[in-house]
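Single-structure report; data block below.
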Amino acid sequence: MLVQTSAAVIPFLGSEIQASYKASQVVILPIPYEATTTYRKGTENGPDALLEASIQLEYYDDELEREICKDARIYTNGAIADTRGRRKISAQSMLTETRDTVSGLIDDGKFVIAIGGEHSITTGIVDAYRQRSSEPFTVVQIDAHGDLRHEYEGSIYNHACVMRRIVDMGLPTLPVAIRSLCQEEADLIKQKSIPVIWARNIAQNPHWIEEAIATIPTGRVFITIDLDGIDPASMPGVGTPEPGGLNWYALLTFLRRLFETHQVIGCDVMELAPVVDSVVSQFTAAKLVYKLIGYQTLAQRW
């Protein structure tokens, strides 16, 4: 059994809701790692900001008509791969620690929601599921950017390369809300026939959700959410904001449908970079995590 604790960690929703590790069904895994962000800095502060904001959430979910935290037992793990305080961690060390930690959580039967931190972290998380999975799965990517560069700024583990590393693992992907990429990425999308759901098409096509889900070739999915996939009007606190993107209810409708039609094996929420003197982004991110827990609660009939 894997249990990691930290005196500094803030339990998701607060200490009154925190379940024991052994009793928990859901584990929140903070990964405050930042090394390659290329515009706004501060993603290493995202996990703590999200956890602090979660204390302000109402337990009752009006959409699901229940207090989700009374049905799903939630445990908040100690932080791993922590670069705060100018602590230096190599990309390889981060990926190894992330993969090993998530592997232990999977072995213990936990539904993992990792919170970052920069998007490069997702490579280690997905690799853990790949190594522990006997059945295939698709990585559903909600993101403004393709993240398909082979390397960027001298590193193949840059946050701009995360989905290229996942494609290199041989896993199918479904990128959703994409609206920014380079020529190399556009060429790879065509070469690999990656079924991108472009943000501009989402804005024009009322049937995009069912069409997107129809492209998923596996019954199991992992969801990675780069928060810049959301319209920056609702989510300004990200590392690399991009105009357009999903609004709140389009995002939730898509996610709920995904949980209804597929087995979601795990999730992550990445790239929260809090804005000074604003709590909008971290509160929205915290509510998104709670919605993910709620949709899994319904899917699993907890």
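The values are calculated or read from the model by the stated rules, or taken from the named source; none is laboratory data. Source: prediction; values computed, not measured. Note that each Cβ is placed from the backbone with ideal geometry, even for glycine, and that neighbours are counted across all protein chains shown. Quick note on the areas: whole protein, heavy atoms, side chains included, nothing else; ligands and nucleic acids left out. Shrake-Rupley method; radii C 1.70, N 1.55, O 1.52, S 1.80 Å.
Among residues of segment 272-281 being touching a residue at least 40 places away in the same chain (Cβ under 8 Å) and open to solvent by 20 Å² or more (accessible area, probe 1.4 Å), the one that is farthest from the chain's Cα centre (by Cα) is S278. Might you check whether a residue that is within 24 Å of D277 (Cβ to Cβ), of a type in the set (A, V, I, L, M) and touching a Pro at 6+ places or on another chain (Cβ under 8 Å) occurs anywhere in segment 108-116? Yes; the residues of segment 108-116 include at least one that is within 24 Å of D277 (Cβ to Cβ), of a type in the set (A, V, I, L, M) and touching a Pro at 6+ places or on another chain (Cβ under 8 Å). The residue list E34, E97 contains one member that is under 18 Å from the mean Cα position of the chain (by Cα) and open to solvent by 50 Å² or more (accessible area, probe 1.4 Å), which is E97.
A quick yes/no check of all residues on (1) at negative phi; (2) aromatic (F, W, Y); (3) modelled with pLDDT of 95 or more:
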site	(1), (2), (3)
S6	yes, no, no
F12	yes, yes, yes
Y39	yes, yes, no
E44	yes, no, yes
G104	yes, no, yes
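When segment 190-213 is filtered for residues that are farther than 13 Å from V176 by Cα and either without any contact (Cβ under 8 Å) to a residue 24 or more places away in the chain or not basic (K, R) (or both), the ones remaining, listed by number, are K190, Q191, S193, Q204, N205, P206, H207. Pairs are defined by a Cβ separation below 8 Å, a sequence spacing of at least 6 or placement on different chains, a first member in segment 91-106 that is over 24 Å from Y152 (Cβ atoms), and a second member that is open to solvent by 20 Å² or more (accessible area, probe 1.4 Å) and not in a helix (DSSP H, G or I); the pairs so defined are T101/L2; T101/Q4; G104/L2; L105/L2. Within segment 19-49, the set of residues being farther than 16 Å from F111 by Cβ and in a loop (DSSP other than H, G, I, E, B) comprises P32, Y33, E34, A35, T36, T37, T38, Y39, R40, K41, G42. Only one entry in K110, K22 is open to solvent by less than 30 Å² (accessible area, probe 1.4 Å), modelled with pLDDT of 95 or more and basic (K, R), namely K110. Picking from residues in segment 245-271 that are surrounded by 18 or more Cβ atoms within 10 Å (Cβ to Cβ) and in a loop (DSSP other than H, G, I, E, B), the one that is nearest to the chain's Cα centre (by Cα) is E271. Only one of the numbered conditions (1) within 27 Å of L298 (Cβ to Cβ); (2) touching a Pro at 6+ places or on another chain (Cβ under 7 Å) is violated by E135, and that is (2).
Conditions (1) in a loop (DSSP other than H, G, I, E, B); (2) surrounded by fewer than 15 Cβ atoms within 10 Å (Cβ to Cβ); (3) modelled with pLDDT of 95 or more, marked per residue:
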site: Q141; (1), (2), (3): no, no, yes
site: L171; (1), (2), (3): yes, no, yes
site: L188; (1), (2), (3): no, no, yes
site: E210; (1), (2), (3): no, yes, yes
site: P236; (1), (2), (3): yes, no, yes
